[in-house]
Amino acid sequence: MRITSSLAAALVALPAATYSAPAAADAGDALIGGAFGFAVGTLFGSATARPRYYYEPAPVYVAPPPPPPVVVYQASPHPWTPEWYAYCAKRYVSFDARSGTYLGYNGYRHMCQ
């Protein structure tokens with residue numbers, strides 16, 4: 001605790017001890033000091049604020065994906081043929097072979113297409 005308080009007192013007293021009233025300082029010293037400060041600031045600023053260049057990674061070329069398979073839809077067989085009976089019986093559980101219709105969800109009978 002004692003070291004901290006004496007250190008704080010020294011830090012407060014240091015600027016007061018180094019301050020002296022300007023004694024016949026001419027304007028040339030101020031200009032030289034200002035120019036020196038400007039030069040140091042410019043050098044430091046340009047060294048730390050240079051542009052950061054970003055290089056995009058090189059493009060990677062890959063083979064395009066294969067085309068999707070071509071889906072060929074087969075038309076339903078012609079009505080009243082043996083293939084048509086087999087197709088409709090397989091597709092619709094309620095298929096009636098005598099009338100060629102099936103029972104739809106709406107309760108009506110529809111011709112098998």
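None of the figures in this text is laboratory data; all of them are computed from the coordinates on show. All of these numbers come straight from a predicted model, not from anything done at the bench. When we count neighbours, we look across all protein chains shown, and the Cβ atoms used for this are built from the backbone with ideal geometry, even at glycine.
Tabulated values for the structure
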{"quantity": "Globularity index of region 21-113, i.e. its alpha-carbon radius of gyration over 2.2 N^0.38 Å", "calculated": "3.66"}
{"quantity": "DSSP-assigned coil residues among chymotrypsin sites (Phe, Trp or Tyr not before Pro) in region 24-111, each with at most 11 further Cβ atoms within 10 Å", "calculated": "Y53, Y54, Y55, Y61, Y73, W80, Y105, Y108"}
{"quantity": "Residue order, fewest to most beta carbons within 10 Å, for D29, D96", "calculated": "D29, D96"}
{"quantity": "Trypsin sites (Lys or Arg not before Pro) lying in DSSP loop within region 67-104, provided at most 13 other Cβ fall within 10 Å", "calculated": "R98"}
